[in-house]
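The values are calculated or read from the model by the stated rules, or taken from the named source; none is laboratory data. As the structure is a prediction and not an experimental result, all values here were calculated from the model. Here Cβ is always computed from backbone atoms with ideal geometry, including for glycine, and neighbour counts include all displayed protein chains. All accessible areas refer to the heavy atoms of the entire protein, side chains included, with ligands and DNA or RNA removed. Shrake-Rupley method; radii C 1.70, N 1.55, O 1.52, S 1.80 Å.
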Amino acid sequence: MIQENRDHIENQIKEKIEKLEVEIVTLKDLTQPISPDSAIGRVSRMDAINNKSVNEAALRKKKSQLIALKETVKNLDDPNFGKCMKCGAEIPIGRIMIMPESKKCVRCASR
């Protein structure tokens with residue numbers, strides 16, 4: 001992979017990391033415990049509890065994506081970066097741009 005592509009990918013990853021960090025802070029606020037003393041109705045309370053669990057799932061996903069992106073930034077200078085860890089083929093630059101944390105080509109990832 002040429003250095004220009006690596007630099008572009010690194011910039012894109014750093015932007016994604018910044019965006020994820022903001023989203024994580026927002027989701028942490030949305031996953032605060034729901035006080036039983038809140039003056040909301042039973043149905044509204046059930047909705048709030050459901051929304052909380054949906055936000056908790058989103059928070060876990062964002063955190064794991066953040067960890068993967070930070071790991072990818074560390075590995076950008078690795079000579080094997082951009083190669084499928086399963087078959088060794090070059091991962092298309094389009095896939096890397098969309099999902100820089102992906103370590104497999106589309107074919108191997110779909111298996």
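Annotations for the structure displayed:
- Accessible area in the full protein assembly, largest first, 1.4 Å probe, for Glu15, Glu101: Glu15, Glu101
- Nearest-0.05 FRET efficiency for Ser110 and Phe81, computed from C-beta distance (R0 35 Å): 0.95
- Within straight-line reach of Lys70, meaning a Cα separation under 22 Å, sit the following lysines at least 8 residues removed in sequence or on another chain: Lys14, Lys16, Lys19, Lys28, Lys61, Lys62, Lys83, Lys86, Lys103, Lys104.
- Karplus 3J(HN,Hα) series, Hz, for segment 88-93 with 6.51 cos²θ - 1.76 cosθ + 1.60 (x for Gly, Pro): x, 6, 5, 7, x, 4
- Peptide packing for 57-66, 44-53 was compared via the average number of neighbouring C-beta atoms within 10 Å per residue; ordered from the highest value, the list is 57-66, 44-53.
- Theoretical gain in end-to-end length, Ile49 to Ile2 [0.36 nm per residue, Cα-Cα removed]: 12.0 nm
- Net length gained if the chain between Gln32 and Glu56 were fully extended (0.36 nm per residue, minus Cα distance): 7.7 nm
- Built amide H within the under 5 Å cut-off of Lys83, gap 5+: Ile91
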